[in-house]
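Colleague: The structure is given below, and queries will be raised subsequently.
The values are calculated or read from the model by the stated rules, or taken from the named source; none is laboratory data. Fair warning: this is a prediction, and the values are worked out from it, not measured in the lab. Virtual Cβ from ideal backbone geometry, glycine too; neighbours counted across all protein chains shown. Side chains are part of the model used for accessible areas, which takes the heavy atoms of the whole protein and leaves out ligands, DNA and RNA. Shrake-Rupley method; radii C 1.70, N 1.55, O 1.52, S 1.80 Å.
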Amino acid sequence: VAAIAVPPLIVSTGVQVVNQPIIRASIMLQDPEADFRASQGTTDAVRRIARERGVGALWHGTSAGILKTVPKYCVAVLVKEQCERRLPSVDTKLGKLLRDATKAVCAAVAGAVLTNPLDVIRNEMFKTDQSLVTVVKRLQGDYGMKWVARGADKNLVGVAVPVACTIFFTDQLRRVGL
């Protein structure tokens, strides 16, 4: 399991840290209650966050982002590997395509559903500038367990589709020797 999970764990953590300022700015731009909607795009929003809240504010939410992203990829990789072992072998070109699509969709949906609560937490952290623990306590107090599924439908589209495509097309590239 470690040999399968460690590479995506390391890579996805690094990617999350590097991308965090862009993620923060893009989410702030989407918040109808934030004054960042007047920004002239992501670069302008990054500059405004740094200027108005300090450079460190660009990485606010990194903990939730890592807690969300790393498990998403690790779960996806582990589920894909389990599908690889458990799905019946096929010999036809169409059968191989369908098998690869099944692996990709199962892996991506599992990753998206299991990490949806962390998307909610991260987005709330961005909107409120509260810590991870404070956000979780507030959400739990305000909504009970209902907050865990908030936005799951959008998360399935926004997260599962690109992850499934990545897994599927990676398998196709491997199949042709790239």
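Colleague: If I filter the stretch 65-95 down to residues being among the charged types (D, E, K, R) and more than 29 Å from THR13 (Cβ to Cβ), which single residue comes out as surrounded by the fewest Cβ atoms within 10 Å (Cβ to Cβ)?
Modeller: Result: ASP91.
Colleague: Say whether the condition of being of a type in the set (Asp, Glu) and either open to solvent by 70 Å² or more (accessible area, probe 1.4 Å) or under 20 Å from THR13 (Cα atoms) (or both) is met by at least one residue in the stretch 96-117.
Modeller: no
Colleague: Please enumerate the residues belonging to the stretch 50-91 that are at pLDDT 90 or above, among the β-branched types (Val, Ile, Thr) and in contact with a helix residue (DSSP H, G or I) (Cβ under 6 Å, 6 or more places away or on another chain).
Modeller: VAL79, VAL90
Colleague: Pairs, please: C-beta under 8 Å, at least 6 apart or cross-chain, first residue touching a residue at least 24 places away in the same chain (Cβ under 8 Å) and farther than 17 Å from ILE49 by Cα and in the stretch 115-135, second open to solvent by less than 60 Å² (accessible area, probe 1.4 Å) and aromatic (Phe, Trp, Tyr)?
Modeller: The qualifying pairs are PRO117/TRP147; VAL120/TRP147.
Colleague: Further, regarding this structure: Being surrounded by 14 or more Cβ atoms within 10 Å (Cβ to Cβ) and among the basic types (Lys, Arg) is true for just one of ARG175, ARG138. Which residue is that? If you could, list the steps in order and put the result at the bottom.
Modeller: Details: ARG175 fails: surrounded by 14 or more Cβ atoms within 10 Å (Cβ to Cβ).
Residue meeting the stated conditions: ARG138.
Colleague: Condition (residue is farther than 23 Å from LYS80 by Cβ and aromatic (Phe, Trp, Tyr)) applied to the stretch 149-169: is it met by at least one residue?
Modeller: Among the residues of the stretch 149-169, not one is farther than 23 Å from LYS80 by Cβ and aromatic (Phe, Trp, Tyr), which makes the answer no.
Colleague: Which of the residues belonging to the stretch 51-60 are in contact (Cβ under 8 Å) with a residue 12 or more places away in the chain, assigned to a helix (DSSP H, G or I) and under 17 Å from VAL18 (Cβ atoms)? If you could, list the steps in order and put the result at the bottom.
Modeller: Step one: list which residues in the stretch 51-60 are in contact (Cβ under 8 Å) with a residue 12 or more places away in the chain, which gives 53, 57-60.
If we keep only those that are assigned to a helix (DSSP H, G or I) as well, we get 53, 57-59.
Scanning the stretch 51-60 gives ALA57, LEU58, TRP59.
Colleague: Can I ask one more? Please determine, by comparing only the residues of the stretch 132-178 that are in a loop (DSSP other than H, G, I, E, B) and not basic (Lys, Arg), which one is modelled with the highest pLDDT.
Modeller: It comes out as GLY151.
Colleague: Which of the numbered conditions does GLN16 fail, given that it passes all the others? Conditions: (1) modelled with pLDDT under 90; (2) closer than 19 Å to ARG174 by Cα.
Modeller: Here GLN16 meets the rest and fails (2).
Colleague: Okay, next question. In this structure, does GLN40 turn out to be in a helix (DSSP H, G or I), of a type outside the set (Phe, Trp, Tyr) and free of Cβ contacts under 8 Å to residues at least 40 places away in the same chain? Talk me through it step by step, then tell me what you get.
Modeller: Numbers: in a helix (DSSP H, G or I): no; of a type outside the set (Phe, Trp, Tyr): yes; free of Cβ contacts under 8 Å to residues at least 40 places away in the same chain: yes.
It is false that GLN40 is in a helix (DSSP H, G or I), of a type outside the set (Phe, Trp, Tyr) and free of Cβ contacts under 8 Å to residues at least 40 places away in the same chain.
Colleague: Check whether at least one residue in the stretch 122-131 is charged (D, E, K, R), touching a Phe, Trp or Tyr at 6+ places or on another chain (Cβ under 8 Å) and part of a loop (DSSP other than H, G, I, E, B), and report yes or no.
Modeller: The answer is no; no qualifying residue exists.
Colleague: For the stretch 141-166, how many residues are open to solvent by less than 60 Å² (accessible area, probe 1.4 Å) and polar (S, T, N, Q)?
Modeller: The number of residues fulfilling the criteria is 1.
Colleague: Sticking with this structure for a sec: Taking the condition over 30 Å from LEU173 (Cα atoms) and touching a Pro at 6+ places or on another chain (Cβ under 6 Å), does VAL46 pass? So that I can check it myself, show each step before the final result.
Modeller: Working: over 30 Å from LEU173 (Cα atoms): yes; touching a Pro at 6+ places or on another chain (Cβ under 6 Å): yes.
Yes: the conditions hold for VAL46.
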